[in-house]
1. Does the stretch 214-224 contain any residue that is touching a strand residue (DSSP E or B) at 6+ places or on another chain (Cβ under 9 Å), at pLDDT 95 or above and over 26 Å from residue 54 (Cα atoms)?
2. Keeping to the stretch 85-104, report how many residues are surrounded by 24 or more Cβ atoms within 10 Å (Cβ to Cβ) and assigned to a strand (DSSP E or B).
3. Do you know which residues across the stretch 231-251 are in contact with a helix residue (DSSP H, G or I) (Cβ under 8 Å, 6 or more places away or on another chain), on the phi < 0 side of the Ramachandran plot and at pLDDT 95 or above?
4. Given the options 333, 297, name the one that is surrounded by 24 or more Cβ atoms within 10 Å (Cβ to Cβ), assigned to a loop (DSSP other than H, G, I, E, B) and in contact (Cβ under 8 Å) with a residue 12 or more places away in the chain.
5. Tell me, which residue of the stretch 336-352 that is in contact with a strand residue (DSSP E or B) (Cβ under 7 Å, 6 or more places away or on another chain) and surrounded by fewer than 23 Cβ atoms within 10 Å (Cβ to Cβ) is nearest to residue 66 (Cα to Cα)?
């Protein structure tokens, strides 16, 4: 839990003034409601400006190899190429949102090393605010090793490094940044405590939030009640719900399970099958865009970044998902996770495929 409001409020009470705990709790609730209302008014007044998105998440260096086919256990295969790129789900989502015109701030942690400096340079070059990125002199920047086969599929392993050095205290230091956002995005490449803190702040301030449960881990299930949207892919849906979302019966079971655990709005990304949107009452299927996939690395991150921009701009969830599907379709036609389109590229693609 990240809340320290009782302690803070208690410091303002004079020792000789005896107030009941009930009053203290009432005061906390009143302050929280007034703050949420104030933030809502601020967002309405700023609705003409670019949407404001805060990403609390991972920053990695990606080492990518391109293979004809994936090796079997204990087998060595030759790659026909490799690249070193900047990635991490949080960073990818931040860049994707920024390229579509949002104001984006990144809360994350890097090591005091070349990979970390390259990552910050990449964020800054894309216009992402890095003032809230912390540097650890104890842990190296996270690294992902990614194998991509000729079909464009990938296998990924991640050494989290400094991503797990991101602390609740650091997130709390940027509480006002989260409270002023239109949308918060977080994902499972940082600690559950950090995700919990960020989502609680957003929830308390009336800020819409997106929880991307990737990589899938059941420890995120208690967080479903705090987020506005949860955006698992098919395998993540299976891990969290016990049902793979293919076929009407299993889709219904997966959604029912996630809803019972607190999810209010569920967006399941299904790759080449498009996406499914459930708002508590209605299930909507969003058709995919047909493209030739070169590398699917980072496609889910591009989807989440573009979806966040849509929601922050006032789109409905289905319309935001359609925009996100188009952005993800463009991304899979490009190598590495640094594949998010610009607004002009997205608009041209949508017009071409209308």
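The values are calculated or read from the model by the stated rules, or taken from the named source; none is laboratory data. This structure is a prediction, so every number in the text was calculated from the model and none was measured. All Cβ positions, glycine included, derive from the backbone under ideal geometry; neighbour counts span all protein chains shown.
1. Within the stretch 214-224 (the criterion being touching a strand residue (DSSP E or B) at 6+ places or on another chain (Cβ under 9 Å), at pLDDT 95 or above and over 26 Å from residue 54 (Cα atoms)), the answer is no, since none of the residues qualifies.
2. So the count comes out to 3.
3. 231, 232, 233, 234, 237, 238, 239, 240, 241, 243, 244, 245, listed by residue number.
4. When all the criteria are applied, what remains is 297.
5. 336
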